[in-house]
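Enquirer: Let me begin by handing over the structure; questions about it come next.
The values are calculated or read from the model by the stated rules, or taken from the named source; none is laboratory data. In this text the structure is predicted, and so the values were computed from the model without any measurement. Virtual Cβ from ideal backbone geometry, glycine too; neighbours counted across all protein chains shown. In case anyone asks, the SASA skips ligands and DNA or RNA and just uses the protein heavy atoms, side chains included. Shrake-Rupley method; radii C 1.70, N 1.55, O 1.52, S 1.80 Å.
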Amino acid sequence: MNAVAEVDAGSRVLSYAEAIREAMALAMEADPTVILMGEDIGVYGGAFQVTGDLIDRFGPDRVMDTPISELGGAGVAVGAALTGLKPIFEFQFSDFATLAMEQIVNQAAKLRYMLGGEASVPVVFRMPAGSGTGAAAQHSQSLEAWFAHVPGLKVIQPSTPADAKGMLLAALADPDPVLMFEHKLLYKMRGEVPPGHYTVPIGKAEVVRTGRDITIVAGAIMRHRAVEAAERLAADGIEVEVIDPRSLRPLDRDTILGSVRKTGRLVVVHEGVKSFGVGAEISAMVAESDAFDFLDAPIVRLGGAEAPIPYNPDLERAAVPQTDGIEAAVRAVMARAV
Amino acid sequence: MSQMSPDITPAADNRPHAIRAYAPEVLRDALRKMHLIRRFEEGAEDSYMRGLIHGTMHLSIGQEASAVASCLDLGPSDKITSTHRGHGHCIAKGADVGRMFAEFFGKETGYCRGRGGSMHIADIATGNLGANGIVGGGLPIAVGAALTAKRLGRPDVTVCFFGDGANNEGAFHEALNMAAIWRLPVVFVCENNQYGMSTSVARSTAVPRISDRAAAYSMPGVTVDGNDFSAVAEAVGTAVARARAGEGPSLVENLTYRWRGHSKSDRNRYRTKDEIEGWMARDPIARFERELIAHGILTEAEAEGIAAQAVAEVEAGIAFAKDSPAPDVTDVTRYVYAGAA
Ligand SMILES: Cc1ncc(C[n+]2csc(CCOP(=O)(O)OP(=O)(O)O)c2C)c(N)n1
Ligand SMILES: [Mg+2]
């Protein structure tokens with residue numbers, strides 16, 4: 001494992017997985033009520049090696065391997081959060097949160113409200129998500145929109161190592177349940193990560209790249225594909241503004257609407273299935289606002305195909321937006337006469 | 001559907017159950033399937049290393065007796081539900097290894113037309129309702145299949161394979177209870193290979209034997225040496241006969257071991273080399289083969305012939321898969337619904 005910098009030695013390059021691990025270690029050192037729960041997060045180190053060696057540092061009482069019991073495990077985390085612990089519950093794959101919907105949707109999300117504000121459920125669910133690993137239909141889904149539909153939950157989706165660390169620490173400080181979606185293709189991605197404790201606020205988008213011609217809103221792995229497409233387009237003089245929403249619920253309305261007012265064109269990209277997805281919400285938000293008056297072209301959404309994620313690698317690639325498709329969509333929007 | 005050999009002499013006969021109860025050709029075919037599973041798994045592993053197969057896979061090397069003996073009394077219209085570690089079950093139920101490899105290679109000729117891969121391998125025609133990417137996902141489905149048989153008055157039995165890890169899912173408990181209250185023709189076969197990924201049964205499960213859980217659902221529960229072909233055949237055979245006679249479900253626990261890691265990314269940090277080697281010394285195939293030779297069912301030369309035939313079948317299967325066409329990417333939304341593409 002990487003050495004965790006204990007001193008202010010400036011930013012280091014860490015992988016996304018290492019950045020999450022560093023955040024968990026910092027939180028556990030600072031707060032004895034923080035515990036980790038999940039399947040094979042102990043000696044195995046987690047299916048994606050995110051918890052790694054934390055079992056050696058914090059022991060099995062704080063890095064708890066659960067049986068393969070997602071509903072029960074998530075519910076135990078909710079109960080513990082309700083009564084004074086701060087559990088970070090790792091789903092081995094976010095697909096398996098479907099087995100725990102009861103506790104997430106009926107209990108965690110609603111307890112504060114149902115009890116008239118008298119209860120608090122400060123639990124964090126970690127959600128490895130997305131396709132691209134050949135794991136097929138039941139291990140590759142992007143279900144973040146399902147959870148973003150539920151009042152009482154917060155849904156975040158960091159796309160860089162620095163954001164992953166800062167947003168996880170923000171989620172831990174948050175008194176409400178937070179689901180952090182982690183795209184599996186990001187785990188090995190490396191980037192600068194500040195040392196020590198810091199938070200990246202939940203509900204604040206990042207303008208990754210500024211541009212005057214068109215806005216792309218894209219999170220998780222799609223942010224990186226959008227930036228790649230933007231760089232290609234810049235060579236042809238098309239200046240793309242790329243916005244990473246980072247947080248889906250709450251959504252940073254002001255940053256997105258401000259950008260659309262400036263560029264007058266919008267493409268929304270996500271991996272989750274297109275219909276009834278995050279893009280639908282963002283498009284409707286624009287259509288319902290005064291930013292609508294600034295649009296020079298219809299909004300375009302790119303999303304996952306209306307199908308489960310297939311196993312065959314070519315089909316799998318075809319099932320979700322790729323850089324070429326984003327580039328083509330931008331060109332098509334730009335080609336529309338004003 | 002067990003084929004009784006005509007010349008059994010029950011009183012003085014202390015040969016193993018399987019030797020007594022099944023015709024020599026049935027036993028030889030069972031050995032053939034066990035070899036085929038082993039070679040298939042090795043072929044799949046090798047193809048994965050060469051980059052011909054992507055994603056991940058869960059190999060069942062070491063568990064062949066459990067798969068084959070549990071399917072011994074099943075006919076083509078009987079059903080099984082399988083797991084992520086399901087290649088052996090698929091072959092035991094009668095699948096063609098060429099079409100299995102084609103699936104793993106993502107080809108249109110594969111059992112799932114390249115859409116499912118290893119974790120979703122199925123063969124509806126031979127009654128294999130499918131592997132499952134969801135631990136415990138097959139348990140209620142097996143109960144549903146048994147409900148169909150009962151409602152429609154069919155004699156079919158469903159054998160439901162699942163791992164030790166799955167016994168802690170709520171679905172396990174809900175499924176066993178419903179199977180019991182409705183007296184459905186289903187046999188729950190737990191392949192206890194000692195670990196669910198890295199978590200041992202002792203660390204995950206409150207009872208010492210998973211078969212102890214049968215008592216909570218008022219059904220017979222038995223634990224057997226899952227590497228002993230005859231012991232599995234006897235226990236599951238008894239349960240299948242009971243189910244077919246309308247007497248309801250049973251739980252059989254086969255104690256076994258997976259020689260390989262959980263999946264392609266396992267570093268085996270939770271078990272010792274000694275433990276793994278100890279279990280490899282209890283190879284279920286070598287044991288069954290020795291037994292058949294000792295009881296005059298098979299000669300050494302015939303045993304070698306069966307092993308060689310498995311190698312050839314796997315090679316031919318891989319060649320078929322390599323030569324098969326890939327799906328057309330424009331078909332990505334095909335098969336989501338019945339009817340049009
Ligand atoms: C609902 C669900 N939870 C977790 C997983 C991840 N997972 C896949 S296999 C496995 C271990 C299963 O153990 P067991 O049932 O004993 O089967 P074995 O792998 O030993 O054959 C786990 C945790 C999953 N696929 N589905
Ligand atoms: Mg197991």
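Enquirer: Would you check which residues across the range B:93-120 are more than 8 Å from chain A (Cβ to nearest Cβ) and at positive phi and list them?
Expert: B:Gly94, B:Arg113 - these are the residues of the range B:93-120 that are more than 8 Å from chain A (Cβ to nearest Cβ) and at positive phi.
Enquirer: Is there any pair linking a residue in the range B:249-278 that is within 14 Å of chain A (Cβ to nearest Cβ) and within 15 Å of ligand 1 (Cβ to nearest atom) to one that is open to solvent by 30 Å² or more (accessible area, probe 1.4 Å) and modelled with pLDDT under 95, with Cβ under 6 Å and at least six apart or on different chains, and which?
Expert: B:Gly261/B:Asn268; B:Ser263/B:Thr56; B:Lys264/B:Thr56
Enquirer: Restricting the search to the range A:70-92, which residues are aliphatic (A, V, I, L, M), within 12 Å of chain B (Cβ to nearest Cβ) and in contact with a Phe, Trp or Tyr (Cβ under 8 Å, 6 or more places away or on another chain)?
Expert: Across the range A:70-92, the qualifying residue is only A:Ala74.
Enquirer: Among the residues of the range B:300-314, is there at least one that is touching a residue at least 24 places away in the same chain (Cβ under 8 Å), assigned to a loop (DSSP other than H, G, I, E, B) and over 30 Å from A:Glu316 (Cβ atoms)?
Expert: Within the range B:300-314, none of the residues are touching a residue at least 24 places away in the same chain (Cβ under 8 Å), assigned to a loop (DSSP other than H, G, I, E, B) and over 30 Å from A:Glu316 (Cβ atoms).
So that you can scan it fast, the table gives a plain yes or no per residue for (1) away from chain B (no Cβ under 14 Å); (2) open to solvent by less than 20 Å² (accessible area, probe 1.4 Å); (3) touching a Ser or Thr at 6+ places or on another chain (Cβ under 9 Å); (4) among the basic types (Lys, Arg):
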{"residue": "A:Phe125", "(1), (2), (3), (4)": "yes, yes, yes, no"}
{"residue": "A:Ala129", "(1), (2), (3), (4)": "yes, yes, yes, no"}
{"residue": "A:Ala135", "(1), (2), (3), (4)": "no, yes, yes, no"}
{"residue": "A:Ala145", "(1), (2), (3), (4)": "yes, no, no, no"}
{"residue": "A:Pro151", "(1), (2), (3), (4)": "yes, no, no, no"}
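Enquirer: Here is a follow-up. What helices (runs of 4 or more DSSP H), lying completely within the range A:1-117, carry at least 1 residues that are among the β-branched types (Val, Ile, Thr)?
Expert: The qualifying helices (runs of 4 or more DSSP H) are A:16-30, A:54-58, A:70-82.
Enquirer: If you go through the range A:99-117 one residue at a time, do you hit one that is open to solvent by 10 Å² or more (accessible area, probe 1.4 Å) and closer than 25 Å to A:Leu185 by Cα?
Expert: Within the range A:99-117, one or more residues are open to solvent by 10 Å² or more (accessible area, probe 1.4 Å) and closer than 25 Å to A:Leu185 by Cα.
Enquirer: If you don't mind, there's one more thing I want to ask. Which of the residues belonging to the range B:256-275 are among the acidic types (Asp, Glu) and over 27 Å from B:Phe229 (Cα atoms)?
Expert: Once the filter is applied, which keeps residues that are among the acidic types (Asp, Glu) and over 27 Å from B:Phe229 (Cα atoms), the range B:256-275 yields only B:Asp266.
Enquirer: Determine which member of the set A:Gly72, A:Gly10 is more than 11 Å from ligand 1 (Cβ to nearest atom) and in contact (Cβ under 8 Å) with a residue 40 or more places away in the chain.
Expert: Answer to the check: A:Gly10.
Enquirer: Select from the range A:298-321 the residues that are within 13 Å of chain B (Cβ to nearest Cβ), surrounded by 15 or more Cβ atoms within 10 Å (Cβ to Cβ) and part of a loop (DSSP other than H, G, I, E, B) and list them in ascending order.
Expert: Correct list: A:Ala305, A:Ala307, A:Pro308, A:Ile309, A:Pro310, A:Tyr311, A:Asn312, A:Ala319, A:Val320, A:Pro321.
Enquirer: Still on this model: Cβ-Cβ below 8 Å, separation at least six or inter-chain, first residue in the range B:158-170 and facing chain A (nearest Cβ under 7 Å) and under 14 Å from B:Leu255 (Cα atoms), second near ligand 2 (Cβ under 9 Å from one of its atoms) and not β-branched (Val, Ile, Thr): which pairs?
Expert: If the second residue must be near ligand 2 (Cβ under 9 Å from one of its atoms) and not β-branched (Val, Ile, Thr), the pairs left are B:Gly165/B:Tyr195; B:Gly165/B:Gly196; B:Gly165/B:Met197.
Enquirer: So, of the residues in the range A:50-69 that are under 28 Å from A:Ser15 (Cβ atoms) and within 9 Å of chain B (Cβ to nearest Cβ), which turns out to be nearest to ligand 1 (Cβ to nearest atom)?
Expert: Ranking the candidates gives A:Ile68 first.
Enquirer: When you go through B:Ser204, B:Ser211 one by one, which is the residue that is within 16 Å of ligand 1 (Cβ to nearest atom) and more than 14 Å from every other protein chain (Cβ to nearest Cβ)?
Expert: B:Ser211
Enquirer: Another question about this same structure. Give the residues of the range B:147-173 that are within 16 Å of ligand 2 (Cβ to nearest atom) and closer than 24 Å to B:Val68 by Cβ, sorted by residue number.
Expert: Across the range B:147-173, the qualifying residues are B:Cys160, B:Phe161, B:Phe162, B:Gly163, B:Asp164, B:Gly165, B:Ala166, B:Asn167, B:Phe172.
Enquirer: Continuing with the same structure: Among (1) of a type in the set (D, E, K, R); (2) open to solvent by 50 Å² or more (accessible area, probe 1.4 Å); (3) in contact (Cβ under 8 Å) with a residue 24 or more places away in the chain, where does A:Asp213 come up short?
Expert: (2)
Enquirer: If you go through the range A:255-296 one residue at a time, how many are of a type in the set (A, V, I, L, M) and closer than 22 Å to A:Arg225 by Cα?
Expert: Number of matching residues: 11.
Enquirer: Find the residue count for the range B:284-299, including only residues that are out of contact with any Ser or Thr (no Cβ under 9 Å at 6 or more places or on another chain) and either in a helix (DSSP H, G or I) or open to solvent by less than 30 Å² (accessible area, probe 1.4 Å) (or both).
Expert: Residues in the range B:284-299 being out of contact with any Ser or Thr (no Cβ under 9 Å at 6 or more places or on another chain) and either in a helix (DSSP H, G or I) or open to solvent by less than 30 Å² (accessible area, probe 1.4 Å) (or both): 9 in total.
Okay, residues lined up against (1) within 16 Å of ligand 1 (Cβ to nearest atom); (2) open to solvent by less than 10 Å² (accessible area, probe 1.4 Å):
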{"site": "B:His120", "(1), (2)": "yes, no"}
{"site": "B:Gly127", "(1), (2)": "no, yes"}
{"site": "B:Ala149", "(1), (2)": "no, yes"}
{"site": "B:Gly153", "(1), (2)": "no, no"}
{"site": "B:Val159", "(1), (2)": "yes, yes"}
{"site": "B:Asp164", "(1), (2)": "yes, yes"}
{"site": "B:Asn167", "(1), (2)": "yes, yes"}
{"site": "B:Glu174", "(1), (2)": "yes, no"}
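Enquirer: Given the conditions (1) within 14 Å of another protein chain (Cβ to nearest Cβ); (2) buried (at least 24 other Cβ atoms within 10 Å of the Cβ), which single one is not true for B:Cys71?
Expert: (1)
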